[in-house]
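The values are calculated or read from the model by the stated rules, or taken from the named source; none is laboratory data. Here the structure is a predicted model, which means the values were calculated and not measured. Ideal geometry is used to build each Cβ from the backbone, glycine not excepted, and the neighbour counts take in all protein chains shown. Note: accessible area is taken over every heavy atom of the protein model, side chains too, but ligands, DNA and RNA are not part of it. Shrake-Rupley method; radii C 1.70, N 1.55, O 1.52, S 1.80 Å.
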Amino acid sequence: MEGQEPEGVQQPVAGQDSFTRWVYGRPFFGGLWLTLGGAWILLTMKASVKVVLHVGMQGAAGYLLPTLMVLLGLLILFSPDQRLFYSITGVLVSMGTWVTSNMGGFMVGLLLGAVGSVLTFGWLPDQDARVSRRERRGPAQQATQDGPTETGPSGTDTHTAQSGTVVVTPRTAQ
């Protein structure tokens with residue numbers, strides 16, 4: 001039963017280290033960007049008075065919304081089951097920082113938070129790896145290079161039909 005694996009088969013997950021499995025098992029970069037966006041806005045709140053453009057609402061919302069961004073980003077990282085709710089809330093909170101927190105951390109924190117939320121919203125677990133266009137085109141080009149195809153009695157392509165047939169021979173007990 002031992003034999004070569006077919007081409008294109010990925011290594012089993014057990015062959016990867018635990019951090020790599022943890023990262024690919026959740027919307028890691030979306031949560032990271034949302035967290036970094038909130039942290040950036042909190043850091044720009046501590047900027048000198050000359051560069052602070054707008055704190056707003058007695059400063060409470062200016063600190064509340066970026067703190068929520070950091071919290072939502074961490075929740076995305078450590079509890080990815082509710083990622084859709086966290087990502088929608090994250091993009092709304094990120095847009096709210098435009099008014100309350102120095103134009104969203106001078107647009108850097110706002111963009112990091114919005115892009116991180118969108119990445120999280122678009123993340124799909126348990127999705128097969130994408131096959132590049134070049135890999136999909138390879139077998140089709142090889143079939144055209146093999147020569148003209150012959151049609152069988154039923155009108156099907158015999159060359160293609162024969163190439164898809166797998167012959168299995170039983171092994172005898174040794």
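With Cα atoms defining each centre, region 92-109 and region 16-41 are spaced 21 Å apart in the structure. Here the Karplus curve 6.51 cos²θ - 1.76 cosθ + 1.60, taken at θ = phi - 60°, turns the phi angles of region 95-101 into couplings of 5, x, 6, 4, 7, 9, 9 Hz, with x standing for Gly and Pro.
Would you tally the net charge around Trp123, using a Cβ to Cβ cut-off of less than 10 Å, leaving Trp123 out, and scoring K and R as +1, D and E as -1?
Values: positive: Arg26, Arg83; negative: none.
Local net charge: +2.
Placing pseudo-labels 7 Å out from each Cα toward the beta carbon at Leu124 and Phe106 gives an inter-label distance of 3.9 nm.
What's the carbon and sulfur percent of region 72-141's accessible surface, probe 1.4 angstrom, rounded to a whole number?
On the way: 2850 of 4400 Å².
Whole-percent figure for carbon plus sulfur exposure: 65.
What the Cβ-Cβ distance of Lys46 and Arg134 gives, at R0 = 45 Å and to the nearest 0.05, is a FRET efficiency of 0.35.
The phi torsions of region 24-29, fed into the Karplus equation with coefficients 6.51, -1.76 and 1.60 and a -60° offset, translate into couplings of 7, x, 7, x, 4, 5 Hz, rounded to whole numbers, with Gly and Pro shown as x.
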